[in-house]
Amino acid sequence: MKRRRTIYEGKAKILYEGPEPGTLIQYFKDDTTAFDAKKRAVIEGKGVLNNRISEYLMTQLNAIGIPTHFVRRLNMREQLIKEVEIIPLEVVVRNVAAGSLSTRLGIEEGQPLPRSIIEYYYKSDQLHDPWVSEEHITAFGWASPQDLDDVVNLTIRINDFLSGLFLGAGIKLVDFKIEFGRLWENDYMRIVLADEISPDSCRLWDLQTNEKLDKDRFRRDLGGVAEAYSEVARRLGILPESTPPSGGGPVLVK
Ligand code: TMP
Ligand code: ASP
């Protein structure tokens, strides 16, 4: 078998050379990290679930006209994506106070925000992804004012759509992180949604009980990480209803 060329290896995913120019294969690992990878674990089945959940969310977003890098899922852990030039920003959207917003500004976790808030973090492990403003982004050329305009417009639509989609599944979309890339088609460039959207990159709380169904279960040592991720998949209709939400062991998906 031909050995595939690794283009990039991150903490939770690997990008391999794709079958044709302009494509890549995105592989979802079970590796889980938090706090700049100071905390690490392998959560069995997590990569499989995130591959499916991200496929589902990207496909739904595509259907309402949000351009994404996603092409199709290839197998349990891999999806075919378009190669994009990643904008080095983590775009965070918050609907309810939690995490670093609560710590930084002293707002109690769970408090609904007066309106949705968009924040930017500069993607740099070495600098611990510092919080930055539009001023920094445009001054240092990480994105142009036009790029940022597109990013904000897409982000608002993504938040509105995903908030409704999760609400329908009995889940509160507290906050999430997304990334964008530049997709070049001849001389024409478009900003598209890239990376992944999964319980690794979102805060998802049960609507009734506020139970955490996301990576905070790992960050805060709450246990039941894979079970929570499969519960999200089940509620989105990705896993068959009969799949038990807990029970350990590898998770079988369609
Ligand atoms: P925060 O409250 O820690 O700033 O996180 C905000 C959101 O961004 C939350 O849904 C988790 C997500 N996130 C990532 O996807 N990657 C990261 O490295 C961090 C710090 C947060
Ligand atoms: N993914 C980040 C890390 O490895 C942080 C996080 O999601 O909490 O450190």
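One residue alone among Leu80, Leu101 is away from ligand 1 (no atom under 16 Å from the Cβ) and either open to solvent by less than 20 Å² (accessible area, probe 1.4 Å) or modelled with pLDDT under 95 (or both), and that residue is Leu80. For segment 107-122, a residue qualifies if it is in contact (Cβ under 8 Å) with a residue 24 or more places away in the chain and in contact with a strand residue (DSSP E or B) (Cβ under 6 Å, 6 or more places away or on another chain), and the qualifying residues are Ser116, Ile117, Ile118, Glu119, Tyr120, Tyr121, Tyr122. Considering segment 113-138, and only residues there that are assigned to a strand (DSSP E or B) and open to solvent by less than 50 Å² (accessible area, probe 1.4 Å), the residue that is nearest to Thr33 (Cα to Cα) turns out to be Tyr121.
Take the residues in segment 199-218 that are within 11 Å of ligand 1 (Cβ to nearest atom) and acidic (Asp, Glu), then tell me which one is surrounded by the most Cβ atoms within 10 Å (Cβ to Cβ). Going through the qualifying residues, I end up with Asp200. In segment 186-198, of all residues being away from ligand 1 (no atom under 11 Å from the Cβ) and open to solvent by less than 20 Å² (accessible area, probe 1.4 Å), the one that is farthest from Asn159 (Cα to Cα) corresponds to Ile191.
Checked against (1) more than 17 Å from the chain's Cα centre (by Cα); (2) away from ligand 1 (no atom under 13 Å from the Cβ); (3) surrounded by fewer than 19 Cβ atoms within 10 Å (Cβ to Cβ), Phe161 passes all but condition (1).
Out of Val92, Val174, Val96, I need the residue that is at pLDDT 95 or above, in contact with a Pro (Cβ under 7 Å, 6 or more places away or on another chain) and not charged (D, E, K, R). Which one?
Every option except Val96 fails the conditions.
When restricted to residues that are part of a strand (DSSP E or B) and within 17 Å of the chain's Cα centre (by Cα), segment 6-24 contains 4.
Residues that are open to solvent by 20 Å² or more (accessible area, probe 1.4 Å) and assigned to a strand (DSSP E or B) were ranked within segment 25-44; the one that is farthest from Ile14 (Cα to Cα) is Lys39.
Only a single criterion out of (1) closer than 21 Å to Ile191 by Cβ; (2) open to solvent by less than 10 Å² (accessible area, probe 1.4 Å); (3) within 16 Å of ligand 1 (Cβ to nearest atom) is not satisfied by Ile66, namely (3). Among all residues of segment 35-43, there is at least one that is at pLDDT 95 or above and more than 16 Å from ligand 1 (Cβ to nearest atom).
Considering only residues of segment 144-196 that are touching a Lys or Arg at 6+ places or on another chain (Cβ under 7 Å) and among the aliphatic types (A, V, I, L, M), which is nearest to ligand 2 (Cβ to nearest atom)? Filtering first and then ranking leaves Val174.
For the condition modelled with pLDDT of 95 or more and open to solvent by less than 10 Å² (accessible area, probe 1.4 Å), Leu74 does not qualify. Given the criteria more than 16 Å from ligand 2 (Cβ to nearest atom), over 29 Å from Ser163 (Cβ atoms) and in contact with a Phe, Trp or Tyr (Cβ under 8 Å, 6 or more places away or on another chain), does Ile25 qualify? It is true that Ile25 is more than 16 Å from ligand 2 (Cβ to nearest atom), over 29 Å from Ser163 (Cβ atoms) and in contact with a Phe, Trp or Tyr (Cβ under 8 Å, 6 or more places away or on another chain). Looking at Leu148, Leu183, Leu173, just one residue is open to solvent by less than 80 Å² (accessible area, probe 1.4 Å) and part of a helix (DSSP H, G or I), and that residue is Leu148. Checked across segment 184-192, the condition of being over 26 Å from Lys13 (Cβ atoms), out of contact with any strand residue (DSSP E or B) (no Cβ under 7 Å at 6 or more places or on another chain), in contact (Cβ under 8 Å) with a residue 60 or more places away in the chain and not small (Gly, Ala, Ser) holds for no residue.
The values are calculated or read from the model by the stated rules, or taken from the named source; none is laboratory data. In this text, all values refer to a predicted model and were calculated from it rather than measured experimentally. As a convention, Cβ positions derive from the backbone with ideal geometry for all residues, glycine included, and neighbour counts pool all protein chains shown. Heavy atoms of the whole protein, side chains included, go into the accessibility calculation; ligands, DNA and RNA do not. Shrake-Rupley method; radii C 1.70, N 1.55, O 1.52, S 1.80 Å.
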